[in-house]
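Computed from the coordinates by the stated procedures, all read-outs in this text should not be read as laboratory data. Note that this is a predicted model, so its numbers are computed, not measured. When we count neighbours, we look across all protein chains shown, and the Cβ atoms used for this are built from the backbone with ideal geometry, even at glycine.
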Amino acid sequence: MGGLVESDLAAAVGKAGGYPIMPYSWSSSGEIEKSIRSLRANTDAPFAVNLCLDFPQEARLDLCLSHGPNAVHFFWGDAAPYVKDVHAAGALVIQTVSDSKQAIKAVDAGVDILIAQGWEAGGHVRGSVATFALIPAVVDVAGSVPVLAAGGISDGRGLAAALCLGASGVVMGTRFAASTESAAHPDYISRIVDAGHSDTVHETELYNIGWSNAAHRVLRSDLVDRWLADGRPDNLTRHRAGEIVATRGSAEFMTYQSATPHRRMHGEIEALSMWAGQSAGLINSVEPAASIITTIIREAHIAIGSHLHKRTEPAE
Ligand SMILES: Cc1cc2nc3c(=O)[nH]c(=O)nc-3n(C[C@H](O)[C@H](O)[C@H](O)COP(=O)(O)O)c2cc1C
């Protein structure tokens, strides 16, 4: 998750048996080096780096590969041109897909792990197919390539359901955005915890400053509701267009900017892009990442166990 996964959260996930993915799509070389050093000082758990292919990533990819990540996760594009170099550096290639055609292309190109992202997901969401329909469709064309389910999953029932659909695991964003180690702003975390499952919207040209023509799912807010009520006006004519609403040091953030609310930002946090999936409706507390993982695994065992139990009970 760009803008809120830092080494504390990544290390906590790695130590608890999860697999941290470090978001470096918009990071400087100095930030990447510092972040990887800090992660490595905390844990020797394997980790992946995440790069968004809607922006030039060659220099970041070279730098990341020189630090020996376990995998490179590409999203918003085709990983094919990078597969050879990533493999040559000894890392695996992960690609997010949002339909079965993209999945076939990725498998043919040698991608090692697919993430199938349903449109329930928080943050930037490329496709329009729901997770439940998407996972089996991608699993059917993936052959021996493992598929991880992303979008709308935040508890063990979701994990169990994804496994039943043929996924090998799940990718959770919003659940960990509301974890103790998250670098998200506390106001944003509170809004995730308070949100119901219909408190998010999926739009293309809402938070489009800095990254346009890229669909995304965010929490509703006064600003979002006003923009929808006004009939989705363009960048120049919309309510409060161009207004600076938050700062972080000398950096300024404006309305409709694609910018994750970070704990070191000050200002009107609710006017920023509070990325969240429909999964937010199932999140009712802020917990340490390790206890989130333990609880989810326990819940998944119970969900699968009770289902099997019901199925094997003799008929009356
Ligand atoms: C705050 C936030 C930031 C995200 N940033 C990225 C990103 O930088 N790269 C990426 O591949 N996916 C990103 N995503 C999407 C996640 O990888 C994942 O697909 C999504 O969170 C799954 O849905 P969920 O939020 O319902 O768990 C982001 C999601 C959130 C909530």
note = Subset of the stretch 209-227, residues surrounded by 13 or more Cβ atoms within 10 Å (Cβ to Cβ) and assigned to a helix (DSSP H, G or I), comes to Leu223, Val224, Arg226, Trp227
query = Among the residues of the stretch 75-90, is any closer than 15 Å to Gly169 by Cβ and within 14 Å of the ligand (Cβ to nearest atom)?
reply = no
inquiry  = Quick check on the stretch 13-20. Is at least one of its residues more than 19 Å from the chain's Cα centre (by Cα) and closer than 22 Å to Ile297 by Cβ?
reply    = yes
inquiry  = Quick check on the stretch 28-35. Is at least one of its residues out of contact with any Lys or Arg (no Cβ under 6 Å at 6 or more places or on another chain), within 18 Å of Asp112 (Cβ to Cβ) and surrounded by fewer than 18 Cβ atoms within 10 Å (Cβ to Cβ)?
reply    = no
request  = Could you please let me know if Gly110 is surrounded by fewer than 19 Cβ atoms within 10 Å (Cβ to Cβ), among the small types (Gly, Ala, Ser), in contact with a helix residue (DSSP H, G or I) (Cβ under 6 Å, 6 or more places away or on another chain) and on the phi > 0 side of the Ramachandran plot?
outcome  = yes
query = Would the stretch 125-148 turn up any residue that is buried (at least 24 other Cβ atoms within 10 Å of the Cβ), within 12 Å of the ligand (Cβ to nearest atom) and assigned to a strand (DSSP E or B)?
reply = no
Options Asp62, Asp44, Asp85: the member that is surrounded by fewer than 21 Cβ atoms within 10 Å (Cβ to Cβ), touching a residue at least 12 places away in the same chain (Cβ under 8 Å) and among the charged types (D, E, K, R) = Asp85
ask   = Of the numbered conditions (1) surrounded by 16 or more Cβ atoms within 10 Å (Cβ to Cβ); (2) out of contact with any helix residue (DSSP H, G or I) (no Cβ under 6 Å at 6 or more places or on another chain), Val72 satisfies every one except a single condition; which is it?
value = (2)
Residues (in contact (Cβ under 8 Å) with a residue 40 or more places away in the chain and assigned to a loop (DSSP other than H, G, I, E, B)) located in the stretch 110-124 = Asp112, Trp119, Glu120, Ala121, Gly122
